[in-house]
Structure formats: structure tokens, C-alpha cells
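Encoded as C-alpha cells, the structure appears first; notes follow it.
The values are calculated or read from the model by the stated rules, or taken from the named source; none is laboratory data. Just so you know, these numbers come straight off a predicted model, no measurement behind them. Here Cβ is always computed from backbone atoms with ideal geometry, including for glycine, and neighbour counts include all displayed protein chains.
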Amino acid sequence: MKNLEIFKESEKYMPGGVNSPVRCFKGLNFNPPIIKSGKGVIIKDEDDNEYIDFVLAWGPLILGHCDEDVVKAVQETSSKALAFGAPTKLELDLGKFMCENLDNVDMIRMVNSGTEATMSAVKLARGYTKRDKIVKFAGCYHGHFDGFLIEAGSGVMTNGIPGSLGVPTGSIENTLIGQYNDKKQIIELFEKYGNEIAGVIIEPVAGNMGVIKAEEDFMETLRELCDKYGALLIFDEVMNGFRVAFKGAQSLFNVNPDLITYAKIMGGGLPCGAYAGKREVMENLAPVGGVYQAGTMSGNPIVMAAGLATLTKLKNNLEYYDHIEKMGRKLEEGVCEISKKYNLPAVMNRVGGMLTVFFTDLKEVKTYDDVKTCNVKRFNRYFEHMLKSGINLAPSQFEAVFLSVKHEEKHIDAYLKAFEEFAAKEIHC
Ligand SMILES: Cc1ncc(COP(=O)(O)O)c(C=O)c1O
């Protein structure tokens, strides 16, 4: 079966033909390629087209597709341990590795996805503080947990959905919306609700409204407010963790979180998640404390093995981050040069190996309102041109481009060549 035939058949059995809405090309006038294999940065579809991949499974594959050490760990573990629902040494190995190598992580709880991690961290913050309200920021996405599905980024924003149907009013009445990088607004929110706020959750480097880094003094203000009012500060590092730096986004700021959520890279490409933080808070989880959270597959041996292989390889090769930075800088400089040459209005935001080209007339993009000025139709033309030129990107203006250890100069050159062709075509539109 070829791409189109598989997609049409999939539409009969799965809503939209997909298992996650961001994968279907809504708003575009063509169908997604059906991917059958990947090695390094090259993925292949069922029509045997090859693409240089800048999606990397939406972030996890920082070592590239089918890294030999990760595959070996999966193969070796799966021959003797699929699942037990009992404690294993592998859980200890990955848990201990993360506690020893990350700041502000005394204890950790493994789960199966980023959504589960953020949802559980919020429950823990509520249980610990005995309060109900949570602050989330417009444009940040923390998974499909009911309480977070308002003003969310990622697929919710791409599909133009203000929230989600099926979310009872009661589930969101304790969600307060903050404005990213707006100190004044968050201070006012705390002045009004401070004594009811259990926690503030934030992507320190937002990736789900496109890439925007929080400003240092904004993050410091969040810490001060949480301390002053007795709320917990939760860093959602599902995307940032082990990506923007080995020690994650928290190493980019002079601010310590109380809880941190992880997923994506920490599972080496397998379904994973974790939440972690200070002992005093984490010991409120059952069976030690009264906050109940459980999971049949949590700490699955194969996932733990893939995660451990990935994180160990990263730790033993910290120069990988220099390589990714170098590739990122080359891509950034190239895009800026080409945009200038062709007079194409665009802003490039980049933090290490995650970046977004925003098609906007603004000079900088720092807030959710800035993001909303983007020319989505232009993005869609860009996306189509890039895909047809063999460059696989996330199909939305409000997402990030990801780089891996396996991206080389030639891959960045191929991206820039396609981008220049697009820019040349676009000024004649
Ligand atoms: C910052 C952030 N938090 C949470 C999630 C949800 O993770 P998952 O899709 O594994 O449930 C995502 C997913 O992209 C994310 O980017």
C-alpha cells in the first residue's frame, strides 16, 4: 500500500486517520506522508520518498532515529523483560541517574506520557498545598489534561480551538490564565488569588506556541510570588529536558523549581514521562503520603532501558550539545540572511536545538499576542514547499523545529537551499 491509500484507509478506522491530531495536515490541502522507517536524520515514507527530519518524533530523538545504543538496549531488555508491574533494577538505574544528574531533583516518579506527568504534578501540588487553583500560561501546552485545555498551544492553537469540548466547567474553574513574559499581569493575578494558588506551571522555554524563551526577571518574579504566597513553581520540561541543555531549561535560569516534569528525550523514543522534585514535596505521594497516583506500565523495563541508554550517551558526550548549538546557529544565521536578502518578514527564535521561524512583520516575538500576528497562510506555503523539497517539519507555525546530534552541515545546507527557493517564490506571490 502507498501513502495515499494507507491514509484513506486509516480515515475509515481512526478519527482523522491519526492517533494524535497534530499529525493530520489540517488546514493544508494535502495528506501526511506515511512514515515507515528512520535512521539518523533520514526518514522514509511508504512511497519511498526520503526526508531530512526536523521533527524527531516531536522532540525525543536527540540522538537521531534508531540510535544503535538505544536499539541495543531495547533489544537486550525486551528478550528478558517486557513488563512485570513489579519493581525492577532498571527503574532504580534511571531514577537514580536523573536524581544525581539534575538539579532540584531529590525524588522522581515514572509515568507513561508528558500529559500524565503534568497532570500528576499538579495533583501533587494541590495535595501538598491543600489549595485548588493552578496558573498556566496562554500558549503553553501541558498535554490534554482537562484543566489545561484552555488557551493551550500546539495542536489546540493550530486547529483554532479555544478549548476542548467534553471539558466540564468544573474542571477549568480552578485554572487561572497567565500571560507569558508579562510580569505586571502575573503580579495582579497573585494579588487577587494568591492565597488560593497551589502552583504555577510553565514551559521555561515555550515550544508549543513556537519557541519563546521566558525572560529571566519574569521567571524570578514567578519564584518570588510562589514563595510569598506559598505556591509551588512547576517547570514543565517535557520538551526542554535534556534538549536546551543536558540539565534542561532550569540550568538556563537563576531560578529553582519545586517540581519538574519530564518526558520525550528521557524515554529515548518510547512512551514515557516522569515528575520529580524536592523530597519534602514528593513524599506526599502514595504510598508514603496521601496523594494517589498509579500506573500499570509506569517504569516499564524497556522504556527505562531506552531512557537510560539515551541519557547515559548524552552525559558521556556533552560535546553533542556544542554540535547541536553549532548546527542551530548555522541554520539561524542562514534563515536570517535569506529573509533579509528577499525582504521576507520573519523572526527567528532559537534556544539550542529548538527553534521557530515566525512569519510576522514584528521585529521580535516574546509573547503569545506576538505569536498571533503570524501569517499562517505563508507558513502553510512554506511547509508545503519544504516537505516537497525533502525537509520534514512540524505542520504548524506554532511548533518547534528540532535538531539532533546526527544533523550535519549538509542537512542544514539542504534546509537553507529549500528555504531560499521558498523565499524567492514568496516575494513574487
Ligand atoms: C511542554 C509539554 N508538556 C506536556 C506535553 C504532553 O506530552 P505527551 O504528548 O507525552 O502527553 C507536551 C507534548 O508535546 C509538551 O510539549
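Evaluate the following for ASN104: is it assigned by TED's automatic domain parsing to the domain that holds LEU311, within 22 Å of LEU308 (Cβ to Cβ) and within 16 Å of the ligand (Cβ to nearest atom)? Criteria not met by ASN104.
From GLU220, GLU237, which residue is acidic (Asp, Glu) and closer than 28 Å to VAL74 by Cα? Step through it out loud before you land on a result.
On the way: GLU220 fails: closer than 28 Å to VAL74 by Cα.
Only one candidate passes the filter, namely GLU237.
From the list ALA294, ALA305, the lone residue that is hydrophobic (A, V, I, L, M, F, W, C) and either buried (at least 17 other Cβ atoms within 10 Å of the Cβ) or under 21 Å from the mean Cα position of the chain (by Cα) (or both) is ALA305.
Of all the residues in the stretch 217-266, those that are of a type in the set (S, T, N, Q) and either assigned to a loop (DSSP other than H, G, I, E, B) or over 20 Å from the mean Cα position of the chain (by Cα) (or both) number 4.
May I ask you to say which residue of ALA276, ALA294 is in a strand (DSSP E or B), at negative phi and hydrophobic (A, V, I, L, M, F, W, C)? Break it down into steps so the answer makes sense when it comes.
On the way: ALA294 fails: in a strand (DSSP E or B).
Result: ALA276 is the single residue among ALA276, ALA294 that is in a strand (DSSP E or B), at negative phi and hydrophobic (A, V, I, L, M, F, W, C).
Taking the stretch 349-366 on its own, how many of its residues are in contact with a Phe, Trp or Tyr (Cβ under 9 Å, 6 or more places away or on another chain) and either surrounded by fewer than 18 Cβ atoms within 10 Å (Cβ to Cβ) or over 25 Å from SER251 (Cβ atoms) (or both)? Here the count works out to 3.
Selection over the stretch 77-86 of residues that are in contact (Cβ under 8 Å) with a residue 40 or more places away in the chain and either surrounded by fewer than 12 Cβ atoms within 10 Å (Cβ to Cβ) or part of a helix (DSSP H, G or I) (or both) gives a count of 5.
Go through the stretch 279-291 and give me each residue that's in a helix (DSSP H, G or I) and either in contact with a Leu (Cβ under 8 Å, 6 or more places away or on another chain) or within 14 Å of the ligand (Cβ to nearest atom) (or both). Of everything in the stretch 279-291, those that are in a helix (DSSP H, G or I) and either in contact with a Leu (Cβ under 8 Å, 6 or more places away or on another chain) or within 14 Å of the ligand (Cβ to nearest atom) (or both) turn out to be VAL281, MET282. Quick one: is ILE427 more than 22 Å from the chain's Cα centre (by Cα), over 21 Å from HIS323 (Cα atoms) and modelled with pLDDT under 95? Here the answer is yes, as ILE427 does meet what is asked.
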